[in-house]
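Working notes, beginning with the structure itself.
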Amino acid sequence: MKLRKVTAASAVLLALSVTATACGGDKDDTSSGDGKKITIGIKFDQPGIGQKTPQGYSGFDVDVATYVAKKLGYSADQIEWKESKSADRETMLKRGDVDFIAASYSITPERQKLVDFAGPYLLAHQDVLVRADDDSIKTASDLNNKKLCSVTGSTSAQNVKDKLAPKAQLQEYPTYSACLTGLQNKAIDALTTDDSILAGYAAQAQFKGKFKLGGLKMTNENYGIGVKKGSDLKAKINKALEDMVADKSWQQAVDKNFGPAGYKNEPAPKIGDIKS
Ligand code: GLU
């Protein structure tokens, strides 16, 4: 989206854009055939959802975003992936750093004041991850007075403070993966965020058998694809998401990405059906 097709008039602009974007990105921007590309924000540290590995990018959000990009006219090698940490998403969209964001991004009334959302394309629920031998957390209120870890700018941290467990000792980190070491060495008692994300961590080889999910289903998290406010991409992305469910690609992406972690997801939500 940032680069235009090569015409005599835009050749100079193209050359400038390529130089400018090549500085920030970690991908060779000149690789695609006609020079156009789309920039998509995802998480880099959430296995099963959005993850950057030495082999490339993977996860449910990556597959949804790749499908959507294709419907918008961009092949996989025309995508530039950018990390969108929870606290940075609205700003990245407003500034135009990315064309859209698929990063475990819950649709909320507060965020809808700043950005627009296509979707929802997944319904998750806030849960806790605890050490495998800990049976002390059975309800949200059991989190009060516990050492809890979550992420700045997330609904997970906000919900704890607003309603779930206002007396919890909440530590806010920039990413969820940063909480995992603390959980392992008992610096924290629990990590709280969406069950879809926690299932991916619990299934990671280095944590196998060490952690478990509480299964608390404390909230509804309606994952949407964020776009700049007023963008005409919203309608196009909604259409792509409908196609993805209809042609079974959505279910295939679910099986591929959530299957290994044993995450039992909700059925595909209808576009515009936001569960409160
Ligand atoms: N889905 C929640 C949110 O959008 C938590 C996960 C995240 O931080 O990405 O805030």
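Every number here is computed from the coordinates shown, using simple stated rules; none is lab data. These figures come from a predicted structure and were not determined experimentally. Neighbour counts run over all protein chains shown; Cβ positions are idealised from the backbone, glycine included.
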task: Round to the nearest 10 and give me the degree value, 0 to 90, for the angle of helix 249-258's Cα axis relative to the longest principal axis of the chain.
output: 40
field: Proximal lysines to Lys147, defined as alpha-carbon separation beneath 16 angstrom and excluding residues fewer than eight positions away on the same chain
entry: Lys138, Lys161, Lys167, Lys186
Using a Förster distance of 25 Å, the FRET efficiency for Ala246-Asp34 (Cβ separation, nearest 0.05): 0.30
Proximal lysines relative to Lys82, as straight alpha-carbon distance under 17 Å, when same-chain residues fewer than 8 apart are discounted: Lys2, Lys27, Lys36, Lys37, Lys43, Lys52, Lys94, Lys228
Other-chain or far-sequence residues with amide H under 5 Å of Tyr173's (modelled H): Ser150, Val151, Thr152
query: Once both labels are modelled 7 Å past Cα along the beta-carbon direction, what's the Ser75-Thr181 spacing in nm?
result: 4.1
query: What residues have an amide H closer than 5 Å to that of Lys229, excluding those fewer than 5 places away on the same chain, when H is modeled at 1.01 Å from N in the peptide plane?
result: Asp116
message: Could you give each residue of region 124-137 its phi-based ³J(HN,Hα) in whole Hz, using Karplus coefficients 6.51, -1.76, 1.60 with θ = phi - 60°, and x for Gly or Pro?
response: 10, 9, 5, 9, 10, 10, 10, 5, 4, 9, 9, 10, 8, 10
statement: Any residue on another chain or 5+ positions along whose placed amide H is under 5 Å from the amide H of Ala168 is listed here as Asn145
field: Using θ = phi - 60° and Karplus 6.51 cos²θ - 1.76 cosθ + 1.60, couplings along region 74-83 (whole Hz; Gly, Pro as x)
entry: 10, 7, 4, 7, 9, 9, 10, 8, 10, 6
query: Taking square-rooted eigenvalues a ≥ b ≥ c of the alpha carbon gyration tensor, is the chain rounded, prolate or oblate, where a/c under 1.5 means rounded and, failing that, a/b exceeding b/c means prolate?
result: prolate
query: Tell me, what HN-Hα J-couplings in whole Hz come from the Karplus equation 6.51 cos²θ - 1.76 cosθ + 1.60 at θ = phi - 60° for each residue of region 242-248, using x for Gly and Pro?
result: 4, 4, 5, 6, 4, 8, 6
query: Got a sec? Charge dipole of region 29-105, +1 on Cβ for Lys and Arg, -1 for Asp and Glu; which of Thr53, Ile40, Gln78 is way out at the positive end?
result: Ile40
- request: Report the one residue of Ala178, Ser104, Thr152 whose Cα lies farthest in the direction of the positive end of the charge dipole of the chain (charges on C-beta: Lys and Arg +1, Asp and Glu -1; origin at the Cα centre).
  value: Thr152
field: Net length gained if the chain between Lys275 and Arg131 were fully extended (0.36 nm per residue, minus Cα distance)
entry: 48.8 nm
query: Gaussian network model of the chain, Cα springs within a sub-10 Å range: biggest mean-square fluctuation belongs to which of Lys186, Lys217, Lys36?
result: Lys186
